[in-house]
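Enquirer: Handing you this structure, nothing more for now.
We did not get these values from a lab; they are worked out from the coordinates using the rules stated. Keep in mind that this is a model prediction, so the values were computed, not measured. Neighbour counts run over all protein chains shown; Cβ positions are idealised from the backbone, glycine included.
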Amino acid sequence: MSQQPRDSAPLVELIDIEKHFGGVRAVNGVSLDLWPGEVVGVLGHNGAGKSCLMRILSGAMAPNGGEIRVRGARVSLDSPHDARAQGIETIYQTLGLADHLDAPANLFLGRELKTRFGNLDDRRMLREAREVLHRLNPNFRNLGDPVSRLSGGQRQVIAIARAIYFEVKILIMDEPTAALGPSETAMVGKLIRQLQAEGIGIFLVSHDLHDVFDLCDRVVVMNKGSMVGAHRISEVSKDDVLSLIIKGELPPGWRPRHHEAADPAAAAV
Ligand SMILES: Nc1ncnc2c1ncn2[C@@H]1O[C@H](COP(=O)(O)OP(=O)(O)OP(=O)(O)O)[C@@H](O)[C@H]1O
């Protein structure tokens, strides 16, 4: 879990974000921040507004209102390109990999390295891909195979490597373990902790409470477009979070669990 001191600016602040579709308030005045080295779980039923909020942060959807600040400065994220320029990258559940291409080609897809003569620099892309993939997983093999032949876990490694290579600061991960078996889920968990140790902030959109309690420092819960809870993971139980997801409120008489006092960052939430 993150033990980063909280004396710097947040990596990102979403302030009073609004998104409407006709009468549907998909995102209703949501404010949320993310700090370096922090993993924040974003939870909620289908239709709660998680995807819309994350799509707004990834530049894929324009909000109707609100403000986004990256490292303290107000930004306008009019496209995924704008978001990437701010160090914000999204790994969707589908991973966005081109199945017929190999790992290096996928890592550099759309951002290929060129020689000084303007040709594709395949040798350098292979060398750099090998370096970053092996840093994440020393057992990564089959760099020349189309990624369709790789396991779900290896495919996740490529998607994460792509983010790391391009120096992402804020990573949005959409259900990263939904399609994985137990050992690959554990490997992705290890990767997430590695990213966290490098100071990357992660929004983890998930329906899996086990993953959330295993990996996240904080959890935010959305219900019908509104944020109904934002808690350090140490102060809530799974039942508390389920109550927020289902009823939009904590159980009657709720009190924070007490062992969060051991976490020095807790006081700053
Ligand atoms: N392009 C769109 N046009 C109209 N309504 C939309 C659009 N995108 C989302 N919505 C509506 O906005 C609300 C929030 O949807 P959103 O996809 O953000 O929920 P979610 O919490 O991500 O759900 P899921 O877990 O199913 O992805 C829903 O009522 C949804 O029907």
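Enquirer: Ignoring the sites themselves, what is the longest stretch of the chain with no trypsin sites (Lys or Arg not before Pro) in a DSSP loop and at most 12 other beta-carbon atoms within 10 Å?
Expert: Result, exposed sites excluded: 142-269.
Enquirer: Additional query: If you scale each eigenvalue of the Cα gyration tensor by 5 and take the root, what three semi-axes come out for segment 120-269, rounded to whole angstrom and sorted largest first?
Expert: After diagonalising the Cα gyration tensor, the semi-axes are 35, 16, 13 Å.
Enquirer: Just want the ordering: 203, 166, 108, from fewest to most Cβ atoms lying within 10 Å of their own Cβ.
Expert: So the residues, fewest neighbours to most, are 166, 108, 203.
Enquirer: Sticking to Cα atoms, compute the Rg of the chain to one decimal and its Dmax as the biggest Cα-Cα distance, whole number, in Å.
Expert: Looking at the chain, its Cα Rg and Dmax stand at 19.1, 69 Å.
Enquirer: So if the hydrodynamic radius of segment 99-167 is defined as the Kirkwood radius over C-alpha pairs, what does Stokes-Einstein give as its diffusion coefficient at 20 °C and 1.002 mPa s, in µm² per second?
Expert: 178 µm²/s
Enquirer: As a test, work out the antiparallel percent of DSSP beta bridges whose residues both lie in the chain, rounded to the nearest 5.
Expert: Counting only bridges with both partners in the chain, antiparallel ones make up about 60 percent.
Enquirer: Then there's this: Show the residues, 5+ positions off or on another chain, whose built amide H is closer than 5 Å to the amide H of residue 226.
Expert: Counting only residues 5 or more places away or on other chains, the set is 28.
Enquirer: Hey, how much of the P(r) for segment 205-253 falls beyond 12 Å, as a percent of Cα pairs?
Expert: 58 percent
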